[in-house]
């Protein structure tokens with residue numbers, strides 16, 4: 001259960017950083033490091049959110065955190081690749 005609280009904390013911090021980047025910088029005039037920070041915080045936000053959702057959807061099994069963590073990672077990588085291809 002300690003792992004879930006850590007993921008929740010990481011999710012809150014990454015969501016705050018994503019909000020600060022979105023509301024502080026103009027995407028058309030932003031430098032490359034701002035775009036990298038945006039994608040890193042988006043990745044962390046999606047990964048932590050998906051891990052929490054998948055963890056609570058799976059009610060059985062001894063290694064449900066590990067499986068949820070991997071599924072969240074795959075989902076966040078997929079979404080990030082789609083954003084990068086469309087950009």
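Quick note: the coordinates plus some simple rules give every number you see, no bench work behind them. Since this is a predicted model, take the numbers as computed values, not measurements. Here the Cβ positions follow ideal geometry from the backbone for every residue, glycine too, while neighbour counts run over all protein chains shown.
The simple spin-label model puts a point 7 Å past each Cα toward its Cβ; for residue 39 and residue 70 those points are separated by 2.6 nm.
Could you work out the helix-only [θ] at 222 nm for the chain, with each DSSP H run of four or more residues adding -39,500 (n - 2.57) and the total divided by the number of residues, to the nearest 500 deg cm²/dmol?
My calculation for the chain gives -29000 deg cm²/dmol from helical runs alone.
Across segment 4-41, the residues whose backbone nitrogen lies under 15 Å from the label position 7 Å along the beta-carbon direction of residue 86 are 39. Angle of helix 64-86 to the longest C-alpha principal axis of the chain, folded into 0 to 90 degrees and rounded to 10: 20°. Relative to the longest principal axis of the Cα atoms of the chain, the long axis of helix 2-24 lies at roughly 20 degrees.
Simple spin-label model, 7 Å along Cα-to-Cβ: residue 62 to residue 31 in nm? Between residue 62 and residue 31, the label points sit 5.1 nm apart.
The alpha carbons of segment 2-86 occupy a box of 48, 26, 16 Å along the principal axes, longest dimension given first.
Measuring from a point 7 Å past the Cα of residue 52 along Cα-to-C-beta, which residues in segment 1-36 have an amide N at less than 12 Å? Residues 4-16 fall inside that zone. Working from Cα pairs under 8 Å separated by at least six residues, relative contact order for the chain is 29 percent.
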